[in-house]
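Have a look at the structure below, then the notes.
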Amino acid sequence: MAVALASLPAFVATADASQRLGSRTLKQGMRGTDVRTLQTDLTELGFTTSTSGVFDANTTAAVKSFERAYGLKVNGVVSSAFVDQLNHVLAAPTGGAGISPAAKSHTAGKSKTDAANLTPSANPNIPVIPHDGGSEHLGERVLRDGMRGHDVRVLQGFLTMAGYSTPVSGWFGPVTLGNVKQFQAAHGFKVNGVVGYTVAFALRVVVAAQDQGGTVAKATLDSQGLAVAPASAPVAVKEIIAAANKIAFKPYIYGGGHATWNDSGYDCSGSTSYALHGAGLISSPEDSTEFESYGSSGVGQWVTLWANSGHVYMQIAGLWFDTAAQSSQNGNDRWSTDRISSAGGFVERHPTGL
């Protein structure tokens, strides 16, 4: 028996009513075609959520990520201001934080690197960064002139490794802006100085391509037992070495370096964290187990980590940085020209691009 629409509860009768996105304020618990449009638009921009038409917790999280990425009030509410910003990003040729067909077409026939290889689907070995509006990883949010953060430091390091020398300051200033524009021009993107997800991913692809084959210059130990970086090393490698030198003779203390960066001593993971932090490649200390999933898998060109549940150590530009080297014979120095810890039973990882 058919049931008259008027006899249904109001919330059921209007649940699937056609709504234009922006015609009403949306928040968690609501549903409708405007919610589905919202979800589709967010997903297109890289803030992935379902397209169920139901404003659920995942949709709220995606909305908040978008708000953080574009400087809106972070409350999970889709107001008219939110919709205006969403439409503005969708209309941008760079595709905002996501990967739009327009953004992909920018690389057609213009890139020094095969344009087809500048997209995530064609590069399963390049980690896909979640576009959640954070700043821990390059690609999580859209970067532009004047912004600051860890991801800006990573951008600057990657630009340098790609051949565009950029000071790693964490501030997106005029030099960074100019080099981003040079990279965009060289690889067929719209030259606007804005680093959306597509540009960030393309930069990762170009840097990763430099890791394939070839040898790198080796670091040396000076008379004091400190590492001297080769002149040709990327800025990030030089910063890792400089940071490692600062704690090379600090005593081994279990748990050292985890409660504070500047500690009286460091354990194996605290030492590794401190060195990587010096190059802006890690934002907070990790333990040896966490390092098993750090960066990218395999041996790096400049830097490689060996990690398991009980120990972690590194090779940096040919030198070993390992708390196991701290012995009376080695003068309590973490640096060594010889491998001390074994390779068996360890997971090999490396900072992406290095």
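The values are calculated or read from the model by the stated rules, or taken from the named source; none is laboratory data. Since we're looking at a predicted model, the values are computed, not measured. Here the Cβ positions follow ideal geometry from the backbone for every residue, glycine too, while neighbour counts run over all protein chains shown.
Test Asp267 against the criterion of being acidic (Asp, Glu), touching a Leu at 6+ places or on another chain (Cβ under 9 Å) and either under 16 Å from Ala248 (Cβ atoms) or crowded, with 24+ Cβ neighbours inside 10 Å (or both), and give yes or no. First the steps, then the outcome.
Details: acidic (Asp, Glu): yes; touching a Leu at 6+ places or on another chain (Cβ under 9 Å): no; either under 16 Å from Ala248 (Cβ atoms) or crowded, with 24+ Cβ neighbours inside 10 Å (or both): yes.
So Asp267 fails the test.
Just for segment 310-336: of the residues that are modelled with pLDDT of 90 or more and hydroxyl-bearing (Ser, Thr, Tyr), which one is farthest from Ser288 (Cα to Cα)?
The qualifying residue farthest from Ser288 (Cα to Cα) is Ser336.
What residue, among those in segment 65-79 that are in contact (Cβ under 8 Å) with a residue 60 or more places away in the chain and either under 23 Å from Arg20 (Cβ atoms) or of a type in the set (S, T, N, Q) (or both), is surrounded by the most Cβ atoms within 10 Å (Cβ to Cβ)? Spell out the reasoning first.
Restricting attention to segment 65-79, the residues satisfying the condition of being in contact (Cβ under 8 Å) with a residue 60 or more places away in the chain are 65-70.
Remaining after also requiring either under 23 Å from Arg20 (Cβ atoms) or of a type in the set (S, T, N, Q) (or both): 65-67, 70.
Working: Ser65: 26, Phe66: 29, Glu67: 21, Tyr70: 17.
Filtering first and then ranking leaves Phe66.
Residues are listed down the side, and each one gets a yes or a no for (1) more than 28 Å from Glu44 (Cβ to Cβ); (2) not in a helix (DSSP H, G or I):
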{"residue": "Thr166", "(1), (2)": "yes, yes"}
{"residue": "Ser169", "(1), (2)": "yes, yes"}
{"residue": "Gly178", "(1), (2)": "yes, no"}
{"residue": "Phe183", "(1), (2)": "no, no"}
{"residue": "Asn192", "(1), (2)": "no, yes"}
{"residue": "Ala200", "(1), (2)": "no, no"}
{"residue": "Leu203", "(1), (2)": "no, no"}
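Take Thr60 and decide whether it is surrounded by fewer than 17 Cβ atoms within 10 Å (Cβ to Cβ), out of contact with any Phe, Trp or Tyr (no Cβ under 6 Å at 6 or more places or on another chain) and free of Cβ contacts under 8 Å to residues at least 60 places away in the same chain. Walk me through it before giving the result.
Details: surrounded by fewer than 17 Cβ atoms within 10 Å (Cβ to Cβ): no; out of contact with any Phe, Trp or Tyr (no Cβ under 6 Å at 6 or more places or on another chain): yes; free of Cβ contacts under 8 Å to residues at least 60 places away in the same chain: yes.
No; evaluated as a whole, the condition is false for this residue.
Pairs please, first residue from segment 44-57 and more than 22 Å from Arg141 (Cα to Cα), second anywhere and assigned to a loop (DSSP other than H, G, I, E, B) and basic (Lys, Arg), Cβ atoms under 8 Å, 6+ apart in sequence or on different chains.
Close Cβ pairs (under 8 Å, with a partner that is assigned to a loop (DSSP other than H, G, I, E, B) and basic (Lys, Arg)) amount to Phe55/Lys27.
Just to verify a result, which residue in segment 334-354, among those that are surrounded by fewer than 17 Cβ atoms within 10 Å (Cβ to Cβ) and not aliphatic (A, V, I, L, M), is nearest to Phe158 (Cα to Cα)? First the steps, then the outcome.
Our first condition is that a residue be surrounded by fewer than 17 Cβ atoms within 10 Å (Cβ to Cβ); within segment 334-354, this holds for 337-340, 342-345, 348.
Filter once more, so that each one left must be not aliphatic (A, V, I, L, M): 337-339, 342, 344-345, 348.
Numbers: Thr337: 28, Asp338: 29, Arg339: 29, Ser342: 31, Gly344: 31, Gly345: 31, Glu348: 21 Å.
Filtering segment 334-354 for residues that are surrounded by fewer than 17 Cβ atoms within 10 Å (Cβ to Cβ) and not aliphatic (A, V, I, L, M), the one nearest to Phe158 (Cα to Cα) comes out as Glu348.
Out of segment 288-323, which residues are among the hydroxyl-bearing types (Ser, Thr, Tyr), surrounded by 18 or more Cβ atoms within 10 Å (Cβ to Cβ) and farther than 22 Å from Val207 by Cβ?
Listed by number, the residues that qualify are Ser288, Tyr313, Thr323.
Taking helices (runs of 4 or more DSSP H) that do not extend beyond segment 1-111, which have at least 1 residues that are at pLDDT 80 or above and of a type outside the set (S, T, N, Q)? Steps first, please.
Values: elements: 10-13, 33-44, 57-69, 80-91, 101-105.
In segment 1-111, 33-44, 57-69, 80-91 are the helices (runs of 4 or more DSSP H) which contain 1 or more residues that are at pLDDT 80 or above and of a type outside the set (S, T, N, Q).
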